[in-house]
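No value in this document is a laboratory result; all are computed from the given coordinates. Here the structure is a predicted model, which means the values were calculated and not measured. No Cβ is skipped: glycine too gets one built from the backbone with ideal geometry, and neighbour counts run over all protein chains shown.
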Amino acid sequence: MSNQRHYSTADRLLLQADTALRTLLPFNGQASRMSPATLEDSAPLDAAEARHVAGLMRINHTGEVCAQALYQGQALTAKLPAIRSAMEEAAEEEIDHLAWCEQRIRELSSHTSVLNPAFYGLSFGIGALAGLVSDRVSLGFVAATEEQVVKHLDEHLSDIPATDRKSRAILEQMRKDEAAHASNALHAGGHVFPRPIKFGMTLLSKVMTKTTYRI
Ligand SMILES: [Fe+2]
Ligand SMILES: [Fe+2]
């Protein structure tokens, strides 16, 4: 017998609303793993460095908001229950990243992006649409997105001062997790996306990074 729970449409919508609020309200994401920053000591950053790192961590935080929304949207429209629960599990892991980034942003005396609700809505729609097309497209979308995230993380890791070991520890753990999400999605049967679609995704992520670095 399957241990998959059966929810009504109304239950699902309520769960979605609950997840959206937990993602968007400050200090609501409960990490299940301790932040990798806890074990590190960082030398104090000067004001300009702190502002720059906070901007980068704000981008990463919004990226996690998008990941959360994407997975929730995909879980809503996934056809196979196994895919749906894989999406829900991955979303759970992204909550750790979300909470770690938010915590670091606060330590740097800054704030998360005011644009998060808009990016949540947009990503939720894209995820739900991908799920409607097919599970293979949906998984392919996860793989392509996570590959993009890994590239961003590499750029940030080369940009963040070596003395900021706390931010670096967070991004290094995220990089490992995201790379695993990408390869899991491909192994589960995800389509490898053609170049033009990947190019479109790069443009969209440029809009996100340019805006959320500042606000
Ligand atoms: Fe993540
Ligand atoms: Fe991920």
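General remarks:
- Each Lys or Arg adds one and each Asp or Glu takes one away; over the other residues whose Cβ falls under 12 Å from the Cβ of V114, this sums to +2.
- Sorted by Cβ neighbour density within 10 Å, fewest at the top, the residues S42, S134, S32, S167: S32, S134, S42, S167
- Between the C-alpha center of region 71-113 and that of region 134-197 there is a gap of 13 Å.
- Restraint check, K151/K206; K79/K198; K151/K210, Cα-Cα greater than 19 Å: K79/K198
- Fewest neighbouring Cβ atoms within 10 Å first, the residues T62, T112 line up as T112, T62.
- If you take all other residues with their beta carbon under 11 Å from the beta carbon of G55, and give Lys and Arg +1 and Asp and Glu -1, the sum is +2.
- Lys, Arg +1 and Asp, Glu -1 on Cβ, resulting dipole of the chain about Cα centre, debye, nearest 20: 580 debye
- Given charges at Cβ of Lys, Arg, Asp, Glu: the chain dipole, positive-most of L132, V65, I215: L132
- Per-residue Cβ neighbour rank within 10 angstrom, fewest leading, Y7, Y71: Y7, Y71
- Highest mobility in the GNM of the chain, judged by mean-square fluctuation with C-alpha springs under 10 Å and restricted to P36, P161, P81, is found for P81.
- As a calculated quantity, the FRET efficiency between V192 and K79 at R0 = 22 Å, using C-beta atoms, amounts to about 0.65.
- Residue-count net charge about E40 - beta-carbon cut-off 14 Å; Lys, Arg +1, Asp, Glu -1: 0
- Shape of region 1-97 from the C-alpha gyration tensor: prolate (a/c of 1.5 or more and a/b above b/c, with a ≥ b ≥ c the square roots of its eigenvalues).
- Long-range Cα-Cα pairs in the chain (distance over 31 Å), rounded percent: 18 percent
- Cβ-Cβ distance of H6 and H111, R₀ of 41 Å, FRET efficiency by 1/(1 + (r/R0)^6): the value works out to about 0.55.
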